[in-house]
Amino acid sequence: MLTASLNRQLSAQSLIQNLFDSEMRTALHPVFKMRVGLVMKKIFKPLLTGVALSMLSTSVFADYVKNQATEVNLPDGSSITVYITGDEYYKEVRSGDGRLLTLGDDGYVYYAQLNADGTDLEPSTLKFQKVQSASVNRMPIVNLPESVIKAKRAAAIAENQMDKPVANRAASVTADDHLLGDVVGATVIVDFSDDPAAFSKDQVEDLLNGQNYSEFGNQGSVNEYFKDISGNKLNYTNLVTHYYRAAHPKSVYNDPRSGVGRRDLVKEVIDFLMSSGVDTSRLSVDKDGRVHSLNIFYAGYPNTPWSKGLWPHRGWYNYEKDGVKFSNYQMTSMNRSLSIGVFAHENGHMLADWPDLYDYGHDSSGTGSYDLMSDSGGTSPMPPNPYFRWLAGWETLIELNPAVDAGAPVGLLSATAHSNTSYVYSNPDNTNEFFFLENIHRSGRYMRTPDEGLMIWHVDKFGNNSSQDGTPYNHYMVSVEQADGRKDLENHRNYGDQNDLFDEGVEYQFNDISRAAGVWWDRSVSNININTVSKPGETITFRSEGVGVVDMNNINMGETLYPVNAITSTPKYYRLELPDDTFSFTVETFGGAGNVDLYVRKGELPTATESDCISKGETNEESCELRTSIFDYVKTYYIMAVGSPVAANFNLKVTSKTGEIVEIYSGVPVENLNGEAGSEKYFKLTRPFGLPFYNWYTFMETTTETGEIKTQIKNNDIPSDDNFDCEYTSLSTEPCITSSSNDYLRLVGVSDYTGGTLSARQISTLRLFGSFDYDADVSANEEHLYNYWVAKGYEATIDLSAASGDAQLFVRKSLPVVGEEYDCVVSTNDGNTCPMVGGNHEILLRTNTDVSGLRIELIESEID
């Protein structure tokens, strides 16, 4: 029994861990606040309590948060939980299942809808409430167009930089001012009548200036952090005031309707600083005489989900008082526990003018958890990358490219962690582009690193970390060359993993044809050749050969190269980068004289025995057709043309099969579809990003006025005749139900057709983890949707009771309740229960009258 009990507990822990691992940095949903009534679920309670405390008290990113749970107080004194994703320039507020929310003029939160011209959100007629009504699922799911989001972000950035000195508006990382010696800043600590101070002035001073500091679990003070990352070249200290009580409650600064905002608080703070007794003559100033560093450190959390308010940020406010000039400032919240991470991140902006390295569009991970400017790190922030350290004057660089420095070292080299010495491989044809190489060891300031080994950074100082496409004109400023070649950071799969850095156990070579191809951004060969990387350690070794590995050419999709010549002893190699919308492609040779053999391979150089396609005939007429997925992380293919024995003056051509993918939305039919027999149309239906405790279902249906359509659906990939999750025709009597995140649709004309309509409706159901009581009365004719998972080897029963009123529960295994399609039904206080065994069960609660004291009872037990 002891062993069985222990295994059961470990199984429960594993389930919870899997739930959280599936959505990193996701705040805990309030469903866990429900009263747990299952005997089996008792083992969950301490686990969930611990998780709730840790996840709700820490914001992993500085300016950027993802699904951060925030309580919003309503005019009637109640509160709701919403989830924020974004930064100081643009934020989205969503319900737990991912639907956009907005603030109404009455101070309540409503489900959002697009305004008439689609350029902004406006409140719908449906309020957001603690218990979601199924009527929400009948609303169209809306998202602002990407162009609108970019415009809003640009406007917010422009507003934030309104007072930025004109001379400093150029790209800051192109400056060659170094950040050395003693720098003294001012920190004004602020509290509010509705959010008073929780920490003393002495505690804040220790956080900023302390030595051997460790309170609240911090790895040193802010002063110690900057000493460490600069190699003791920067001594940054702060003069801390006593508390300033703000002129208004925090709720006023955070209310977008109040007319009072953060700029008002900045002016108040400067006025207070000048009268606080702080010796402002000690403050460091820039070359224009402005105070270099003004920190506004306020009590509590930001407490605002909306775009305005006291969100942590760096900004400018030109103001002169008593001969002291101010401009540069940063604002940070103290939160529940003092930590150095966000403070260090914002000072990275303010002190060094380093830009953010996370993606403002939030559809990629930037530099992930490897860099201060993309991940603040809480109590243990990572150092910035060596390029930023070099710009600040803290890094010694050793050039590796003999085309730049004829004396560049070659052969076996070593790199020592924490040494502020890195290798650089510069582009001789572009003085703005480099590879930086450093040893990252999981110790010291790198305790939180996702991986250790030889880190290779790709830098283009005119890039942008919101541009993850990886094309010559649209790429990151600072990117991590991930050794496994998966480009997880660019594709937003994670924030770093154990296969990113180079070592003998993962991938020990970096060159023009390695998994992480070491080519320049314009696709030209760099001839970098790093290999034989040792295992991770305080010191690692690697070889730099100084010469490239192969003569490589580039070919673009749709291009024909002529003339091409190849002989047996000298194959011709070509690199092909697939566009994102490529479903399949064909490589062919034709014309000329002689005989050529054609080889194509994904991600690696083809050989005579290892290729994804080989075409060998008696002439130059060869062809390879390959199917790919738009979600395949490997977008690079290599082509080898070999003369057999000689091929002269032939053509090499690459063509692709692509199609326009039209975005469609739940609840918004696509009408007037017309096409010929065999014609194809492609669509994408995106599920809103919600928390991992929701099941999502999509109902698809097509109709036509004349003719017939075949519809194929595939989750997260383009469907084809041999690759689909669901297939039906416009003559089907029932719609197709899928359970997925992003669905791709292919419509094929079975015959000529006219008047086609494609309809999609997405519904979400919330996971139940045990019995719970409704904390409010429920009106008649409401429907609430839930799901419940019964573990293997267990069975459960579900019952419904109420103090007054009539309601029913409908239960169906695996699929949502639709019309009369359900497995079991129970009514309030009828004494019946519904049995559930093994797997997922979908539950519909329907109230027939007003109901009070409603309780869903779940009892689970092990099957004998």
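Derivation of every value follows stated rules applied to the coordinates shown; laboratory data play no part. Just so we're clear, the structure is a prediction, and the values are computed from it rather than from any experiment. Counting neighbours? That spans all protein chains shown, and the Cβs are built from the backbone with ideal geometry, glycine included.
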- request: Name all residues of segment 757-779 having a backbone nitrogen under 13 Å from the label point set 7 Å from the Cα of residue 131 along its Cα→Cβ direction, giving them as ranges.
  value: 772-779
query: For the pair residue 723 and residue 551, how long in nm is the line joining their label points, each one 7 Å along Cα→Cβ?
result: 3.6
statement: Classified through the alpha carbon gyration tensor (a ≥ b ≥ c as square roots of its eigenvalues; rounded if a/c is under 1.5, else prolate when a/b is larger than b/c, else oblate), the chain comes out oblate
field: Global form of segment 357-544, assessed from the alpha-carbon gyration tensor, a/c cut-off 1.5
entry: rounded
- prompt: Fewest first, what order do 519, 183, 222 take by the number of other Cβ atoms within 10 Å?
  reply: 183, 519, 222
message: Can you tell me how segment 749-793 classifies by the Cα gyration tensor, rounded, prolate or oblate, using a/c under 1.5 as the rounded cut?
response: oblate
query: Looking at the chain, which longest stretch skips every one of the trypsin sites (Lys or Arg not before Pro) that is in a DSSP loop with at most 11 other Cβ atoms within 10 Å, leaving the sites themselves out?
result: 288-864
query: Tally Lys and Arg at +1 and Asp and Glu at -1 over the other residues with C-beta under 14 Å from the C-beta of residue 705: what net charge comes out?
result: -3
- prompt: Which helices, taking whole DSSP H runs in the chain, have alpha carbons extending 15 angstrom or more along the helix axis plus mean Kyte-Doolittle at least 0.5?
  reply: 44-57
- prompt: Got a sec? How would 763, 661 order by Cβ neighbour count within 10 Å, fewest to most?
  reply: 661, 763
message: Testing the spin-label approximation: label points 7 Å from Cα along Cα→Cβ at residue 832 and residue 151. State their distance in nm.
response: 5.6
task: Net charge near residue 652: determine it from the other residues with C-beta under 11 Å of the C-beta of residue 652, scoring Lys and Arg +1 and Asp and Glu -1.
output: -1
query: What's the extension gain from residue 716 to residue 629 if we count 0.36 nm per residue and subtract their Cα-Cα distance?
result: 30.4 nm
- prompt: When only C-alpha pairs under 8 Å and at least 6 residues apart count, what is the relative contact order of segment 611-720, in percent?
  reply: 23
message: Under a Cβ-only charge scheme (Lys and Arg +1, Asp and Glu -1), can you give me the dipole magnitude of the chain about the Cα centre, in debye to the nearest 20?
response: 1540
- request: With 28 Å as the limit, write out which pairs from 233/308; 66/227; 152/267; 461/487; 602/684; 653/710 have Cα-Cα distances beyond it, or answer none.
  value: 233/308; 66/227; 653/710
query: Counting Lys +1, Arg +1, Asp -1, Glu -1, what net charge surrounds residue 135 among other residues with beta carbon under 10 Å of its beta carbon?
result: -1
query: Tell me, in nm to one decimal, what length is gained between residue 648 and residue 274 on full extension, where the rule is 0.36 nm per residue of separation less the Cα-Cα distance?
result: 126.6 nm
- prompt: Between residue 742 and residue 212, what is the FRET efficiency for a Förster distance of 41 Å, r being their Cβ-Cβ separation, to the nearest 0.05?
  reply: 0.25
message: Quick check on the exposure proxy: order 743, 484 from fewest to most C-beta atoms within 10 angstrom.
response: 484, 743
- prompt: Between residue 413 and residue 676, what is the spin-label point distance in nm, taking each point 7 Å from the Cα along the Cα→C-beta axis?
  reply: 5.9
- request: Find how many whole Å separate the alpha carbon centroid of segment 717-779 from the alpha carbon centroid of segment 221-261.
  value: 49
Euclidean distance of C-alpha centroids, segment 285-311 and segment 379-457, integer Å: 32
- prompt: aspartates and glutamates within cross-link reach of residue 91: Cα-Cα under 12 Å, excluding same-chain residues under 8 positions apart?
  reply: 63
